[in-house]
1. Once label points are set 7 Å from the Cα along Cα→Cβ at both Glu48 and Val101, what is their separation, rounded to one decimal in nm?
2. Please state the shape class of the stretch 212-305: rounded when a/c is under 1.5, otherwise prolate if a/b exceeds b/c and oblate if not, all from the C-alpha gyration tensor.
3. Val233's amide H: which non-local residues (gap 5+, or another chain) put their own amide H closer than 5 Å, with H modeled 1.01 Å from N in plane and none for Pro or chain starts?
4. Rounded to the nearest 20 Debye, what is the dipole magnitude of the chain about its Cα centre when Lys and Arg each give +1 and Asp and Glu each give -1 at the C-beta?
5. Taking the mean number of other Cβ atoms within 10 Å as a proxy for protection, how do you rank 114-122, 156-164 from highest to lowest?
6. Students often forget the sequence filter, so: which aspartates and glutamates lie under 14 Å Cα-Cα from Lys97 once same-chain residues fewer than 8 apart are removed?
7. Would you work out which of Ile168, Gln259, Val90 lies farthest towards the positive end of the dipole of the chain? Charges go on Cβ: Lys and Arg +1, Asp and Glu -1.
8. Given a Förster distance of 22 angstrom, what is the FRET efficiency for Arg25 paired with Leu63, based on the Cβ-Cβ distance and rounded to 0.05?
Amino acid sequence: MVKVHDTIIIGAGPAGLTAAIYAARAKLKTIVIAKQIGGYLINTPSIENYPGFNEISGKELSLKMEKQVKELGIEINEEEVEKAKKIDKVFKIKTDKDEYVSQTIIFCQGGKRKKLNVPGEDEFFGKGVTSCFECDAPFFKGKDIAIIGGGNSAVLAALYMLAYANKIYMVDIEEKPRAEKIRLEKLQMKGQQKIEIISASKVNEIKGQGTVESIEIENVNSREKREIKIGGVMIEIGIEPLSDLAKELGVSTDNGFIQVDRDMVTNIPGIFAAGDVTDRELKQIITAASQGAVAARAVYDYIQG
């Protein structure tokens, strides 16, 4: 006989793991399915704004969350979900390893790194182009590099790369950076000798022979173009939500983000969502976690009728 879960949580980042904690405390029959436990959290080298920790790495925080979930008796399976469909009043989830049935789903899949979609980006990916500064930092030791973006992730990348790069060009399409003021102040204090900020500019092309050698940028106001000699490009321009699976079930989205109400409820009964797969003004670990908690409570209310 097929086991029917109360809820299946798809994704194991801060939203999914928090949802699992609250679902466990509500005595819901729960399973977490994720391609990678921790999601993008594990690639964050330093977190300084999560309550209870002055500073902690994303990997360490993820391991603490994972341990707490497992100690509550919740199963976490590292599998990739391939298909989800609704049959009568339940949902059937097919992964690359197994099949599961549940009364509800909480989508917490987060997102993937956005691309520039310019010539040379794909050609030189892994040959000077990266979207994981903490993974590839040593490869750029002593080189001039460009970091594309102006949000928290771009500033964090710049702070991290101060220990490796010779010079850092920060290229941002916006007039003013959108990162938190405290991060910008730290960047200004520590990086004034190494960093050049180029605002209101976009990347037109990444060039090179075998590896990255330069980028062509263009000022969005004056249309003036400029070529910068560099040995690496780090793309930090945000996240594209992973909502295709939810869309296949008829879940409403806006610019790819799953639309939810204040209780993380979607337009499809029995389907909920939390974290970076939804659109929210403050995209932080703590807000993803809070959404996960709210979603779990909403599932409990739904199960109770």
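The values are calculated or read from the model by the stated rules, or taken from the named source; none is laboratory data. If you're wondering where the values come from, they're calculated on a predicted model, not measured in any experiment. With ideal geometry, Cβ positions are generated from the backbone for all residues, glycine too; neighbour counts draw on all protein chains shown. Remember, those area values only see protein heavy atoms, side chains included, never the ligands or the DNA or RNA. Shrake-Rupley method; radii C 1.70, N 1.55, O 1.52, S 1.80 Å.
1. Between Glu48 and Val101, the label points sit 5.2 nm apart.
2. Prolate.
3. Under 5 Å from the amide H of Val233: Val129, Thr130, Ala146.
4. 420 debye
5. Packing order, densest peptide first, comes out as 156-164, 114-122.
6. Those aspartates and glutamates meeting the cut-off are Glu78, Glu79, Glu80, Glu82.
7. Most positive-ward Cα: Val90.
8. About 0.60, to the nearest 0.05.
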